[in-house]
1. Is it the case, given these coordinates, that Val41 is at pLDDT 95 or above, open to solvent by 70 Å² or more (accessible area, probe 1.4 Å), assigned to a helix (DSSP H, G or I) and out of contact with any His (no Cβ under 8 Å at 6 or more places or on another chain)?
2. With respect to the numbered conditions (1) outside any helix (DSSP H, G or I); (2) open to solvent by 60 Å² or more (accessible area, probe 1.4 Å), which one is the sole condition not fulfilled by Leu32?
3. Write out, first by first residue and then by second, each pair whose Cβ atoms fall under 7 Å of each other, whose residues are 6+ apart or on separate chains, and whose first residue, in the stretch 1-16, is within 17 Å of Leu69 (Cβ to Cβ) while the second is of a type in the set (Phe, Trp, Tyr) and open to solvent by less than 60 Å² (accessible area, probe 1.4 Å).
4. Please go through the stretch 1-29 and pick out each residue that is within 11 Å of the chain's Cα centre (by Cα), surrounded by fewer than 17 Cβ atoms within 10 Å (Cβ to Cβ) and hydroxyl-bearing (Ser, Thr, Tyr).
Amino acid sequence: MTDEQVIGDVATVLGVDPAELTAQTDLLDAGLDSVRIMSLVEKWRTAGHADIDFPTLAGEPVLGTWIELLA
């Protein structure tokens with residue numbers, strides 16, 4: 001999964017332009033909630049990232065960290 005795919009997926013669930021997000025974006029502050037995190041977990045597990053889970057993403061809700069985990 002590329003950085004752009006992660007950013008695009010997150011931007012889509014937040015309803016924002018990907019250009020509005022940076023590696024330092026705190027996704028909870030940006031409006032991400034637990035339901036949206038779970039939808040991303042399911043999407044990314046389906047894409048082959050079986051090791052991704054809700055506690056991992058919710059525990060460090062910074063876009064740059066998520067990119068490192070998925071890229």
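The values are calculated or read from the model by the stated rules, or taken from the named source; none is laboratory data. Because the structure is a prediction, the values reported are computed rather than measured. When we count neighbours, we look across all protein chains shown, and the Cβ atoms used for this are built from the backbone with ideal geometry, even at glycine. Surface accessibility is based on the protein's heavy atoms, side chains included, excluding ligands, DNA and RNA. Shrake-Rupley method; radii C 1.70, N 1.55, O 1.52, S 1.80 Å.
1. In short, no.
2. (2)
3. Val6/Trp66
4. Within the stretch 1-29, just Thr12 meets the criteria.
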